[in-house]
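Have a look at the structure below, then the notes.
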Amino acid sequence: MQAPAELLPYPDAQFDAVFSNAALHWVRDQDAMMAQVHRVLKPGGRFVAEMGGHGNVAAIQVAFMAVLDRHGYREREDGVNYYPTPRAYTSRLERHGFHVDQIELIPRPTPLAESGMAGWLRTFRRGVLDGLPDDVRDTVVEETVALLAPVLRDEEGKWTGDYVRLRFIAVA
């Protein structure tokens with residue numbers, strides 16, 4: 001069964017655990033999602049997740065936003081993802097009735113696929129790019145790639161994403 005994280009379809013608390021990997025940073029309404037997760041967990045149930053954390057893809061985000069700004073589209077990137085600090089996410093979890101057993105930021109430099117940074121942008125910023133005029137889209141990708149090459153591409157031409165993960169275990 002598929003459903004948005006903010007509108008889980010299960011009527012009663014019935015799960016011992018809820019697990020998420022690399023998805024929560026895409027959820028627009030974090031408070032609604034947490035209320036739903038808490039609702040579907042049995043008392044003492046665990047909410048275990050790993051998501052983008054504070055500093056995740058920071059270089060990519062700064063370069064992409066600078067290029068968008070240069071072309072008059074900066075606002076398109078605002079609010080696409082949520083990358084919280086452990087302190088902020090702990091507070092949010094606690095406001096929704098969770099006790100946080102463990103939470104930490106984990107730097108995780110991640111090799112990108114053969115398509116490199118251009119492929120990453122076309123995959124993970126597709127929604128932003130698709131909203132741009134056709135004649136601007138490729139230019140934005142090319143300029144962003146050029147800005148990031150000195151920082152995230154090695155001497156062999158291999159790209160690494162500057163990922164930072166937030167991992168937590170919280171109990172309902």
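Test Glu104 against the stated conditions and say whether it is assigned to a helix (DSSP H, G or I) and out of contact with any His (no Cβ under 6 Å at 6 or more places or on another chain). In short, no. Restricting the range 1-16 to residues that are surrounded by 13 or more Cβ atoms within 10 Å (Cβ to Cβ) and within 19 Å of the chain's Cα centre (by Cα) leaves a set whose member that is nearest to Ala35 (Cα to Cα) is Glu6.
Residues in the range 143-150: is at least one more than 26 Å from Ala49 (Cα to Cα), assigned to a helix (DSSP H, G or I) and of a type in the set (S, T, N, Q)? I'd like the intermediate steps shown before the answer.
Taking the range 143-150 first, the residues more than 26 Å from Ala49 (Cα to Cα) are 143-150.
Now restrict to residues that are assigned to a helix (DSSP H, G or I): 143-150.
Add one more test, that the residue is of a type in the set (S, T, N, Q), and what stays is 144.
Yes - at least one qualifying residue is present in the range 143-150.
Residue count for the range 123-172 under the criterion of being surrounded by 15 or more Cβ atoms within 10 Å (Cβ to Cβ) and within 17 Å of Trp26 (Cβ to Cβ): the result is 11. Checking each residue in the range 85-131 for being more than 15 Å from the chain's Cα centre (by Cα) and of a type in the set (Val, Ile, Thr) picks out Thr90, Val100, Ile103. Of the residues Ala59, Ala66, Ala118, Ala35, the single one that is more than 27 Å from Lys158 (Cα to Cα), modelled with pLDDT of 95 or more and part of a helix (DSSP H, G or I) is Ala35. Just so you know, in the range 69-84 the residues that are modelled with pLDDT of 95 or more and part of a helix (DSSP H, G or I) include one that is farthest from the chain's Cα centre (by Cα), and it is Arg70. In the set (1) surrounded by 17 or more Cβ atoms within 10 Å (Cβ to Cβ); (2) among the small types (Gly, Ala, Ser); (3) more than 17 Å from Phe168 (Cβ to Cβ), the condition left unmet by Gly52 is number (3).
Any residue at all in the range 132-144 that is under 14 Å from the mean Cα position of the chain (by Cα) and hydrophobic (A, V, I, L, M, F, W, C)?
Here is the first cut: in the range 132-144, the residues under 14 Å from the mean Cα position of the chain (by Cα) are none.
Checked against the condition, which is being under 14 Å from the mean Cα position of the chain (by Cα) and hydrophobic (A, V, I, L, M, F, W, C), the range 132-144 yields no hits at all.
Among the residues of the range 151-158, are any in contact (Cβ under 8 Å) with a residue 60 or more places away in the chain, touching a Pro at 6+ places or on another chain (Cβ under 9 Å) and either assigned to a strand (DSSP E or B) or of a type in the set (Lys, Arg) (or both)? Checking the range 151-158: not a single residue is in contact (Cβ under 8 Å) with a residue 60 or more places away in the chain, touching a Pro at 6+ places or on another chain (Cβ under 9 Å) and either assigned to a strand (DSSP E or B) or of a type in the set (Lys, Arg) (or both). Residues being farther than 17 Å from Arg167 by Cα, touching a residue at least 60 places away in the same chain (Cβ under 8 Å) and exposed (fewer than 15 other Cβ atoms within 10 Å of the Cβ) are represented in the range 17-38 by at least one member. Can you name the residue in the range 97-120 that is surrounded by 14 or more Cβ atoms within 10 Å (Cβ to Cβ) and in contact (Cβ under 8 Å) with a residue 60 or more places away in the chain and, of all such residues, is nearest to Val151 (Cα to Cα)? Among residues in the range 97-120 that are surrounded by 14 or more Cβ atoms within 10 Å (Cβ to Cβ) and in contact (Cβ under 8 Å) with a residue 60 or more places away in the chain, the one nearest to Val151 (Cα to Cα) is Trp120.
The values are calculated or read from the model by the stated rules, or taken from the named source; none is laboratory data. Note that this is a predicted model, so its numbers are computed, not measured. A quick note on method: Cβ atoms are made from the backbone with ideal geometry, for glycine too, and the neighbour counts reach across all protein chains shown.
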